[in-house]
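Chemist: Pasting a structure here, questions to come.
A short reminder: the numbers here are calculations on the coordinates, not readings from a lab. Just so it is clear, the model here is predicted, and its values are computed rather than measured. Cβ placement follows ideal geometry from the backbone for every residue including glycine, while neighbour counts extend to all protein chains displayed.
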Amino acid sequence: MQFVDETVDGTAVESVWRKSQESHFESKSCQTRPIATEELSVQVGTVSEAGTQTEWKHEQRALDIDLGPLLDYPDVGAFLKRVEEDMIRELKKNWRSHAFDGYEVTWEEPNSQVSCLHSLQYLEAAAKNLEVTSVSWNSTGSVIGCSYGRLADGDWSTEKSYVCTWNLDRSGFNPNHPDVVLEVSSSAMCLAFHPSRPSIIAGGLYNGEVLVWDTSRADDPLIGRTGFSIDSHTDAVYQVSWLQDQPQGHRLQLLSVSTDGKILMWQMEKDGQLVLTDGFALVTQQIPNNTKINKHGRGDTAVGVTCLSSSHFDPSLFIVGSEGGYLLKCSSTAQTVALTNLASSVPLKAPAQFTFSPHGGPVYSVDYSPFHRNLFLSAATDGHAHLYSMLQSKPLSSLQLSQKYLFSIRWSPVRPLVFAAASGEGHLLLFDLGKSSQKPSLVIEQTDNGKAVYCLEFNRAQTRVLAAGDGTGTVKIWQLSSDFTEQGVREMTLLDDMASKLTD
């Protein structure tokens, strides 16, 4: 027998138990939410100690410091549970009710009187017998600006004049000392604060120039001017207004009108120059045919523009008043070239689309309604105020408010049926069409010597305040009564009814 070494392959037997157990195993993990930590510290700069003591009264009853038992009111809890269902039912009923639709809560104390808060005057302007030609509120409603010039003079005045502003909320306010005085080379005929930048103000001069100031710059507030070029106005600038939309970003854009017949759009460049970007010219031969304007004569006879108002609902539409007494509906989208020989670096277009029945004299003021897209007011030297609808040429209403001139008219920014007018007799007239469509609700005597009131402006930020400037060189700030500032429930309905009653 012989033994031999031999290697035999191993044999493995797979564990059935381990495999069965592994099928039941799972691997899982979890993580808590991130824990936010923050470290703060504070330190006071100064420390002060103060004390006070009340007078001792012997009959005073000492209060038990332990308030726990006193604040335990089981009956209150039971009462609340008992009325809970009824209260919820009534609250749901009120939520579904429309009884107070259109009503706005006012937290101010009602007042029944109209009073003069301030009487502002720049003594140097008064010494020259200058008149207040225009007033404007800044966007915060705390600063009032006015322009000084001469509306009574018919010649080209080269006398220096002023634009002044007062901050009515400033401590140390002095009604005879403006916060800002801007000297200009000619009579300042108009001005307008920027609608959103409270320190920016634009003005138009008798010599045809348009200027822009930044009143926050004490050293050199003048930041823009048109100068004198082929694009400039050749006659007095009677109104400036800021464009509602600014497609060119943050560049300032404004519009000016003049009795030279031109309506010009300006844009501020970085070098302080106001550059003409668009323009219109009103020419007699291109006025729509639904008017009795005398069109005999040269085709380039200019229609002198005295005032303008843009629609609050369609910024491309605007109404202009003219020296001839008529009012024109115009569009900034017009493409018809104006038939004029006036020199200009941009083509001037003819914007007139429709003519309304005229006044008996030059129109000094027009104002679109902020509450209705078809209504606007006008005032003229014939002493009449007209209420027009955009849908017809004849006025809906014609009111003779003065035996002399009407120089300014403005809708209330908060009352759809209220407007104010400035008269040549020195009166400020307040109308509430909800009470009377023929007589003013209130006549305020602005001047005691019969000097005319030339301009007025409602304060859109502080709606109870109205400013008016007159021929004595004075700006008066009036606080209106609640009757003229609190809107009634049915005012918009009455305004719609008034606009729908078109005449034949």
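Chemist: Taking only the alpha carbons of the stretch 384-458, what extent do you get along each of the three principal axes, in Å, biggest first?
Modeler: Result, largest extent first: 41, 25, 20 Å.
Chemist: Work out the FRET efficiency for Lys92 and Leu123 from their Cβ-Cβ distance, taking R0 = 56 Å, and round it to the nearest 0.05.
Modeler: Working from the Cβ atoms, E equals 0.30.
Chemist: Note the full-extension length gain between Gln31 and Arg82 as 0.36 nm times their separation in residues minus their Cα-Cα distance, in nm to one decimal.
Modeler: Here the segment from Gln31 to Arg82 would lengthen by 13.6 nm.
Chemist: What does the charge add up to near Glu445, with Lys and Arg as +1, Asp and Glu as -1, over the other residues with Cβ less than 12 Å from its Cβ?
Modeler: Its environment carries a net charge of -1.
Chemist: If I take all pairs of Cα atoms in the stretch 339-412, what percentage of them are more than 17 Å from each other?
Modeler: 51
Chemist: A follow-up question, please. Can you give the Kirkwood hydrodynamic radius for the stretch 127-250, in Å, rounded to one decimal and based on Cα pairs?
Modeler: Result for the stretch 127-250, one decimal place: 15.0 Å.
Chemist: Report the semi-axes of the equivalent ellipsoid for the stretch 437-504 in whole Å, largest first, where each axis is √(5λ) for an eigenvalue λ of the Cα gyration tensor.
Modeler: Result for the stretch 437-504: semi-axes of 29, 17, 11 Å.
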